[in-house]
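Q: One structure, as structure tokens, below. Some questions next.
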Amino acid sequence: MAYRNKTYVAFDGDNDIRSYNLMKAWKQNDNTEFNFYDAHDLNTARDSSSEETIKRKLRERMDNSKVFVLLIGENTKNLYRFVRWEIELALEKDLPIIAVNLNHSRSQDSRCPPILKNELAIYIPYKSAIMQHALENWPNSHIQYRKEGKTGWYYYTDSVYKSLGL
């Protein structure tokens, strides 16, 4: 079994690439400690490789991941070929899911992919400080909630945002 120490990021590669690139800049400029694989930075994803080959490579990347981040944009809930498959795989692997709302909502909203509606996940707005907080804290909360048999979606209280200066 591979050592699971990475953050897997899934997003709408056609419409939300700017948000992902800004997230990479946060990593470099804010000295944040999170590390993640770019699910869309595969050479095979840009050539004529088959869907099966691309998914095999994405699965390998997810095998090394300890947390799954989903950037939720305007069209994310309608993406089935890869994004929905990535979500299904994250659920199958019981990865802690951090749903990041690009519209800055602090909870689940109408943009949420239907497959996640009742699944154990934390919903946060697209901001570096709360994302770092979630990456550091949600995996342990996820484990605890699973042990307690809890499901459903969660969000951080206003006091957490205040403590982060948000």
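Q: Looking at the square roots a ≥ b ≥ c of the eigenvalues of the Cα gyration tensor of region 52-104, which shape do they give, rounded for a/c under 1.5, prolate if a/b is larger than b/c, or oblate?
A: Since a/c reaches 1.5 but b/c is at least a/b, the shape of region 52-104 is classed as oblate.
Q: Skip the ligands, DNA and RNA, and give the accessible area per residue of the chain with a 1.4 Å probe, whole Å².
A: Computed with neighbouring chains in place, this is 52 Å² per residue.
Q: If each of Asn64 and Glu148 carries a label point 7 Å out from its Cα toward its Cβ, how far apart are those two points in nm?
A: 3.4 nm
Q: Take every Cα pair under 8 Å in the chain that's 6+ residues apart, average their separations, divide by the length, and report that relative contact order as a whole percent.
A: RCO, the chain: 22 percent.
Q: So if each residue of separation counts as 0.36 nm, and I subtract the Cα-Cα distance between Glu52 and Ser141, what length gain in nm does that give?
A: Separation in residues times 0.36 nm, less the Cα-Cα distance, equals 28.7 nm.
Q: Taking just the C-alpha trace of the chain, give me its Rg and Dmax in Å.
A: Computed over the Cα atoms of the chain, radius of gyration and Dmax are 15.1, 49 Å.
Q: Work out the charge dipole of the chain with +1 on the Cβ of Lys and Arg and -1 on the Cβ of Asp and Glu about the Cα centre, then indicate which of Tyr80, Leu22, Trp153 is farthest towards its positive end.
A: Final value for the positive-end residue is Trp153.
Q: Can you list the lysines whose alpha carbon is less than 30 Å from that of Lys24, not counting same-chain residues fewer than 8 positions off?
A: Within reach: Lys6, Lys55, Lys57, Lys66, Lys77, Lys93, Lys117, Lys127, Lys162.
The values are calculated or read from the model by the stated rules, or taken from the named source; none is laboratory data. Because the structure is a prediction, the values reported are computed rather than measured. Backbone-built Cβ (ideal geometry, glycine too); neighbour counts: all protein chains shown. Side chains included, ligands, DNA and RNA excluded: accessible areas come from the protein's heavy atoms. Shrake-Rupley method; radii C 1.70, N 1.55, O 1.52, S 1.80 Å.
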